[in-house]
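A.B. asks: I'd like to ask you about the structure that follows.
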Amino acid sequence: PPLTHPRLATVADPQSESTTAALSKAFRRGLPRKFSDPDRLKAAAPERLRAFLVPWHDYLAARGFQFPTLREAEIDYAALAQIFLTPNRDTPKEMVDALYYVHETASASDVDELIAAVQAQGIDIADDPGATPLDLAIDVWCAAPDLVRSRHAEAIAMRQRNFEYFGPQQPLKAPFPDVDDAVRLKLEAELDDWFEVHRRGRGCRIFVFRHSPMTWILVRHGETMRREASQRDDGGAGTEFYRPQCHDVLLFDERSGDIGVHAKTKGERNLYLRTLGRLLFDDEEHFPPAGRFTLDPLVRYGSAALNVEDIDGITGVRLVEYRRYWGGTFRETETIKAEDVFGALSRRGGASLAGGRLVSATFKVAFDGAEKERSVTIRPPGVARFERNEDSELIECWLRERGFILTGVDTEDDEAATAVLADA
């Protein structure tokens, strides 16, 4: 089935008033700054724009827009933009989806990926050296819309930087298991059973993207139903009833067998760990909910824990922020920030982080050949956030060598991991 606009996955009849209201809201949130701008529309070659909008010719004509009969005549971009800005109950949902996905994949950074995907799949598109990113996105959409949807899903997955990590019961260094259509459908069915019971509906979709040594798994599913008051263009009041859509991301590291999970709830997180463990690794408990990180080296070794002399590719690490939980009657939490925390503590006569419980630490990491430092945040027992996924190998090497990564030792319980995420 075609994907729907990521901000909206409605369950009502496509022609119902509630669907129209929800569609209008999604359309206005997602598109006005993009396709409701005449100048943005002009970024597409006229013939490409015409071909792109052919499926909705009747709708556009009913709204008073026609492409000029003479090909050399100027398109009324202002009129077209106004239609996109003011959707009505007849606005085709498929058009909203098409506009959204084309825009989301029409950046210069996506061009190379789109071209590579087109070539890999043998898709025939115009060989036009003068094509703009928007032109290319339109060409690919017209030839293979599912490819554009897949590329968009991959971009969502790879943008995620915040994961809670879990290691396998037994050390494992192997590629992520193959997920063919049969396995994918089985995974989706298992997840759907849980989502349905927990009021999230059915129809989840799984996308797997391999970039060795990492594999990204995107799970697109619904959230619980939402009902909101809405304002109609004629001044009347209405009610929107729809199911929002969300994306959870998992990240598998074939070098260690660890898996990172980004999900909104503890239940969803445990669902993914159990389901992937059972169906892909023959063991529901393959990824036990044990801690992976500790900040104890900061307490035990102080600034020496930041040493990188033995880590090729990293030239320096600074501790720039930590959060410490003191607890007590008032559940006191202390946050300290500085350009160099250990330097600041030393100037005041002490450089120890003893006392309380460290619950978060943020580092600035300098990489060989990079102009700017990049941030790394660790929140035991399992959360790590990197600015760039490609940094993970070097950072994990440093974390492991300095003792921040636990090896085969269970620390905090599952509830503690959830508490850290809840405080994020």
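A.B. asks: When the residues of the stretch 236-274 are filtered to those that are part of a helix (DSSP H, G or I) and surrounded by fewer than 19 Cβ atoms within 10 Å (Cβ to Cβ), which remaining residue is modelled with the lowest pLDDT? I'd like the intermediate steps shown before the answer.
C.D. replies: First pass over the stretch 236-274, keeping only residues part of a helix (DSSP H, G or I): 266-274.
From the residues that got through so far, the ones that are surrounded by fewer than 19 Cβ atoms within 10 Å (Cβ to Cβ) too are 266-267, 270, 274.
Values: K266: 91, G267: 95, N270: 94, R274: 96.
Only one residue fits best here, namely K266.
A.B. asks: While we're on this one: Would you point out which residue out of T333, T275 is outside the structural domain of C397 (by TED's automatic domain parsing) and of a type in the set (V, I, T)?
C.D. replies: Numbers: T333 fails: outside the structural domain of C397 (by TED's automatic domain parsing).
Only one candidate qualifies: T275.
A.B. asks: Taking the stretch 349-395, which residues are without any contact (Cβ under 8 Å) to a residue 12 or more places away in the chain and under 21 Å from the mean Cα position of the chain (by Cα)? Reasoning before the result, please.
C.D. replies: Of all residues in the stretch 349-395, those without any contact (Cβ under 8 Å) to a residue 12 or more places away in the chain come to 349-350, 369-372, 390.
Passing the criteria: only E390.
A.B. asks: Go through (1) farther than 30 Å from Q170 by Cα; (2) assigned to a loop (DSSP other than H, G, I, E, B); (3) at pLDDT 90 or above; (4) not hydrophobic (A, V, I, L, M, F, W, C) and name the single condition G403 misses.
C.D. replies: The one condition G403 does not meet is (1).
A.B. asks: Please count how many residues of the stretch 63-83 are farther than 17 Å from K42 by Cα, more than 37 Å from the chain's Cα centre (by Cα) and surrounded by 12 or more Cβ atoms within 10 Å (Cβ to Cβ). Working first, answer last.
C.D. replies: Keep residues of the stretch 63-83 that are farther than 17 Å from K42 by Cα, which gives 63-64, 69-70.
Within this subset, residues satisfying the condition of being more than 37 Å from the chain's Cα centre (by Cα) are 64, 69-70.
Narrowing further to those that are surrounded by 12 or more Cβ atoms within 10 Å (Cβ to Cβ): none.
Residues meeting the conditions: 0.
A.B. asks: Can I ask one more? Which residues, counting only those in the stretch 194-228, are buried (at least 19 other Cβ atoms within 10 Å of the Cβ) and either assigned to a loop (DSSP other than H, G, I, E, B) or of a type in the set (D, E) (or both)?
C.D. replies: R200, C204, listed by residue number.
A.B. asks: Right, here's the next one. Please name all residue pairs, on different chains or six or more residues apart, with Cβ atoms under 7 Å, provided the first residue is in the stretch 126-146 and is in contact (Cβ under 8 Å) with a residue 40 or more places away in the chain and the second residue is hydroxyl-bearing (S, T, Y).
C.D. replies: Once the first residue is in contact (Cβ under 8 Å) with a residue 40 or more places away in the chain and sits in the stretch 126-146, its partners that are hydroxyl-bearing (S, T, Y) give W141/Y101.
A.B. asks: Go through the stretch 145-165 residue by residue and tally those that are in contact with a strand residue (DSSP E or B) (Cβ under 8 Å, 6 or more places away or on another chain) and in a helix (DSSP H, G or I). I'd like the intermediate steps shown before the answer.
C.D. replies: Residues of the stretch 145-165 that are in contact with a strand residue (DSSP E or B) (Cβ under 8 Å, 6 or more places away or on another chain), as a first pass: 150, 153-154, 156-158, 160-165.
With in a helix (DSSP H, G or I) added as a condition, the list becomes 150, 153-154, 156-158.
Residues flagged as in contact with a strand residue (DSSP E or B) (Cβ under 8 Å, 6 or more places away or on another chain) and in a helix (DSSP H, G or I) within the stretch 145-165 amount to 6.
A.B. asks: In the stretch 235-280, which residues are within 21 Å of D180 (Cβ to Cβ), among the aromatic types (F, W, Y) and touching a Leu at 6+ places or on another chain (Cβ under 8 Å)?
C.D. replies: If the condition is that a residue be within 21 Å of D180 (Cβ to Cβ), among the aromatic types (F, W, Y) and touching a Leu at 6+ places or on another chain (Cβ under 8 Å), then Y272 is the only one that fits.
A.B. asks: Go through the stretch 336-356 and count every residue that is surrounded by fewer than 15 Cβ atoms within 10 Å (Cβ to Cβ) and either touching a helix residue (DSSP H, G or I) at 6+ places or on another chain (Cβ under 6 Å) or not assigned by TED's automatic domain parsing to the domain that holds V376 (or both).
C.D. replies: Adding up the residues that qualify gives 2.
A.B. asks: Can you go through L99, L114, L136 and tell me which one is more than 29 Å from F281 (Cα to Cα), buried (at least 17 other Cβ atoms within 10 Å of the Cβ) and in contact with a Gly (Cβ under 9 Å, 6 or more places away or on another chain)? Let's see the steps before the verdict.
C.D. replies: On the way: L114 fails: in contact with a Gly (Cβ under 9 Å, 6 or more places away or on another chain); L136 fails: in contact with a Gly (Cβ under 9 Å, 6 or more places away or on another chain).
Within the list L99, L114, L136, the selection yields L99.
A.B. asks: Residues that are outside the structural domain of D234 (by TED's automatic domain parsing) and among the charged types (D, E, K, R), at least 3 per element: which helices (runs of 4 or more DSSP H) completely within the stretch 64-144 meet that? Show your work before the answer.
C.D. replies: On the way: elements: 77-85, 93-104, 108-121, 133-143.
The helices (runs of 4 or more DSSP H) meeting that bar are 93-104, 108-121.
A.B. asks: May I ask you to say which residue of A361, A417 is under 30 Å from A157 (Cβ atoms) and at pLDDT 95 or above? It would help to see each step written out before you state the result.
C.D. replies: Details: A417 fails: at pLDDT 95 or above.
Just a single option satisfies the conditions, and that option is A361.
A.B. asks: Could you go through the stretch 162-173 and let me know if any residue there is closer than 14 Å to Y100 by Cα, touching a residue at least 24 places away in the same chain (Cβ under 8 Å) and in contact with an Asp or Glu (Cβ under 6 Å, 6 or more places away or on another chain). Show your work before the answer.
C.D. replies: First pass over the stretch 162-173, keeping only residues closer than 14 Å to Y100 by Cα: none.
No, that holds for no residue.
A.B. asks: Would you point out which residue out of T224, T215 is touching a His at 6+ places or on another chain (Cβ under 9 Å), among the hydroxyl-bearing types (S, T, Y) and not assigned by TED's automatic domain parsing to the domain that holds A117?
C.D. replies: Numbers: T215 fails: touching a His at 6+ places or on another chain (Cβ under 9 Å).
When all the criteria are applied, what remains is T224.
The values are calculated or read from the model by the stated rules, or taken from the named source; none is laboratory data. Everything numeric in this text was worked out from a predicted model, so none of it was measured. All Cβ positions, even for glycine, are placed from backbone atoms using ideal geometry, and neighbour counts span all protein chains on display.
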